[in-house]
Structures are given as C-alpha cells and as structure tokens.
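We did not get these values from a lab; they are worked out from the coordinates using the rules stated. Model, not experiment: these values are computed from the prediction. Neighbour counts run over all protein chains shown; Cβ positions are idealised from the backbone, glycine included.
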Amino acid sequence: MEKEISALKNAIKGAERVTVLTGAGISAESGVPTFRGEGGLWRNHDVMELATPYAFERDPELVWEFYNWRRDLISKLTFNPAHKALVDLERIKPSFTLISQNVDGLHLLAGSKNLLEIHGNLWKVRCTRCNEITLDLSPDMGPLPKCKTCGGLLRPHVVWFGESLDGELLNRAVDASKNCDIMLVIGTSSVVQPASSLAFQAKDGGAIVAEINLEATPNSQFMDFAFHGKAGEIVPRLLD
Ligand code: BJW
Ligand code: ZN
C-alpha cells in the first residue's frame, strides 16, 4: 500500500488537470449516513424508496419528514479532513473540478469552489408549481412547506431516481471527466448512473483513475489504483 500511495502521490503532483468524483462515503466520517449498507434505513424505510418522485407524490409529508430529519442532522455536522484536503488541492492546481453526488453541502462549507453538485443540494428547495429555486438553511422546513411566491408545494432541490440530472451540470461533469490527467473517485458505491460512468469517460480520455473507498466496488477492477480504507485518512495522505 505504501508504494502505491507514493506512486499515486507522484502522479497527482505531476497532474495539471484534476477531477474528483465524490459520494456519500466522503461525508461518512462527518456523521452523515450513507445510502446503501448500514445507513440505508430511516425509521424502517429504505431510503432508496423515499428518494423517488413516486414516494413524494404518494406521501409528501413522509418524504419531507425524512428530509427535515436529514437537514437537522447535517446542520449540526461539519466537513472532515478529506473535504479539507480537496480544498487545498484545488488551490494548487491550474485546473480542478469537483463533481459531487452529495447533497449535504459539506464541500461548500469546507471551501471548495469549482464544484458540480450533480444530485442537487439539500439546502435548496424548488416549487413544484412555479419551479422557483430558493436557498433555505432552516433545519426544519415544517410538514408541507409552501412557496412564498405562488403558494405551491415545495420539494427538496435534489435529483431523485428516474429524474434527469441538470443538463448543463452533467455536460460540465462529462467534460471535466474526459479532459483530465487524473481522476480521484472517493466514497461512492459506483452503482448509480450516470455518475458511475464518469470514471470510464476519464479513462477513455487517457486519465489515471484512482478509487478510495472502504471496500471494493463494481468499478474497482477498472481502476489504475484502488485503496480500501477511510477517506478521511487516505485522501489527506495522498495530497499532503
Ligand atoms: C467510505 C467511507 C469512508 C463509507 N471512507 N468510503 C443505466 C442502467 C440502469 C439504470 C439506470 C441507468 N441510467 C439511469 C438509471 C436509473 C438510475 C440508476 O442509476 N439506478 C441504479 C441504482 C441501477 N439513475 C437515475 O435515475 C438518475 N437519473 C437518470 O439517469 O436520468 C435519466 C434516466 C432515468 C431513468 C432511466 C434511464 C435514464 C438519477 C440518480 C439520482 C440519485 N439520487 C440519489 C438521492 C439524492 C437525493 C438525496 O440525497 O436525498 O443520490 S440516490 C443516492 O445514491 C444519492 C447518492 O448521491 C447516490 C449515490 O450513492 P453513493 O454516494 O455512492 O452512496 P452509497 O451509500 O451507495 O455508497 C457509499 C460508499 O462509501 C460505499 O461504497 C462505502 O463503502 C463507502 N464508504 N464510508 C471511504 N469513511
Ligand atoms: Zn412557486
């Protein structure tokens, strides 16, 4: 592992264009539950079944209760050494893009700048009637929050299963993946599309691709480097 760490460290040092893809695992050490595995249950509901437009249509109050619980939890948490190391890396690279599937806002809180939140942001809400998007940092939005402009029902401004990602954000994420020297894939199970395929776009574009995850993923075998361990420990070591 030491030799590999040192090889990847050198590759990162020599790279001008760096792209990073993160998932829930990078926030796990901050206390944010992941989606699959142990963190995947909320009051006996599979969180994957709550993160759908059908769940919101059927029972918006339950879905809002789930999101209010997450808002409250995350409002008490902060970024960890892995988030911070990426901020430091961005400062020294001529070209740096951070693509995150996370909606927790912890990369922004840490100070990341060129950030593409491809699954949205928990602290933004969108009106289901007039589509207005607003930032609202209150930990509890109440049972069925309404739009101040038109009175329509608000929803979290996140991307649920079966919904399309914002086209412009996705184009920028694909561009940054195809045109980088190195891509770091941190704390994602790599099972959700289209995020999972970005590592292949990077590889096709000639980049070195490295995964940092507690355990192997379906993409591990295609990686140039795969480190198994905690992001909060490995990422700062790679970038110090
Ligand atoms: C650590 C650690 C530590 C722990 N250190 N590591 C092609 C084929 C088949 C299906 C599809 C397809 N294209 C699209 C689909 C459908 C679907 C999809 O991908 N389904 C698959 C499950 C099969 N995709 C979509 O619907 C997407 N939309 C789309 O493509 O539109 C067009 C279209 C629609 C329908 C059909 C075809 C095309 C939208 C996806 C939206 C995902 N939304 C969510 C919820 C966001 C809102 C919210 O948070 O409330 O996004 S679901 C959830 O999964 C969330 C995450 O961002 C996402 C990814 O999860 P992530 O981050 O990887 O977390 P985990 O928990 O899975 O993994 C954590 C990892 O960390 C683990 O590996 C741990 O080991 C590790 N870890 N602690 C390092 N300390
Ligand atoms: Zn409205």
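How many nm is it between the label spots at Glu215 and Asp88, if each spot is 7 Å from the Cα in line with the beta carbon?
Output for this residue pair reads 3.0 nm.
What residues qualify as long-range amide H neighbours of Lys146, i.e. H under 5 Å apart, gap of 5 or more or another chain, H built at 1.01 Å from N?
The list, which skips near neighbours in sequence, is Leu154.
What FRET efficiency, computed as 1/(1 + (r/R0)^6) with R0 = 35 Å and r the Cβ-Cβ distance, is obtained for Arg36 and Glu16, rounded to the nearest 0.05? Write out the running numbers ahead of the final one.
On the way: r = 34 Å, r/R0 = 0.98.
About 0.55, to the nearest 0.05.
Name the long-range amide H neighbours of Glu132: under 5 Å, sequence gap of 5 or more, or other chain; modelled H, no Pro or chain starts.
Cys127
Considering only DSSP beta bridges with both partners in the chain, what is the antiparallel share in %, to the nearest 5?
Working: 11 of 34 bridges.
Close to 30 percent.
Could you go through region 216-221 in sequence order and give the Karplus-derived ³J(HN,Hα) for each residue, using 6.51 cos²θ - 1.76 cosθ + 1.60 with θ = phi - 60°, rounded to whole Hz, and x for Gly and Pro?
5, 10, x, 8, 3, 5
Run the reach check for Lys93 against lysines, Cα to Cα strictly under 30 Å, same-chain hits fewer than 8 apart removed. What comes back?
Straight-distance partners of Lys93: Lys3, Lys9, Lys13, Lys84, Lys113, Lys124, Lys178, Lys203, Lys230.
5 Å is the cut-off here: which amide hydrogens, built 1.01 Å from N in the peptide plane, fall below it relative to Glu211, excluding neighbours closer than 5 in sequence?
Val185, Phe225, Ala226, Phe227
In whole Hz, with x marking every Gly and Pro, tabulate ³J(HN,Hα) for region 143-157 from phi via Karplus 6.51 cos²θ - 1.76 cosθ + 1.60, θ = phi - 60°.
x, 9, x, 10, 6, 6, 7, 10, x, x, 6, 8, 10, x, 8
Karplus couplings for region 47-53 from phi (6.51 cos²θ - 1.76 cosθ + 1.60, θ = phi - 60°), rounded to Hz, Gly and Pro as x?
Couplings: 4, 5, 7, 8, 8, 9, x Hz.
How far is it, in nm, from the label point at Asp136 to the one at Arg58 when both lie 7 Å from their Cα along the line to the Cβ?
With each label placed 7 Å out from Cα toward Cβ, I get 2.4 nm.
Can you give me the convex hull volume of the Cα atoms of the chain, divided per residue and expressed in Å³? Mind showing how you got there, number by number?
Details: hull volume 28.1 nm³, N = 240.
Dividing the Cα hull volume of the chain by its residues yields 117 Å³.
Picking from Thr19, Thr78, Thr188, which is most flexible by a Gaussian network model of the chain using Cα springs under 10 Å?
Highest fluctuation of the listed residues: Thr78.
How big is the dipole moment of the chain about its Cα centre under a simple scheme where the beta carbon of each Lys and Arg is +1, that of each Asp and Glu is -1, and everything else is neutral? Debye, nearest 20, please.
Numbers: 25 positive and 30 negative charges, 96 e Å.
Value, rounded to 20: 460 debye.
Using just the C-alpha positions of region 102-215 as equal point scatterers, what log10 of I(q)/I(0) does the Debye formula give at each q in 0.19 1/Å?
-1.08
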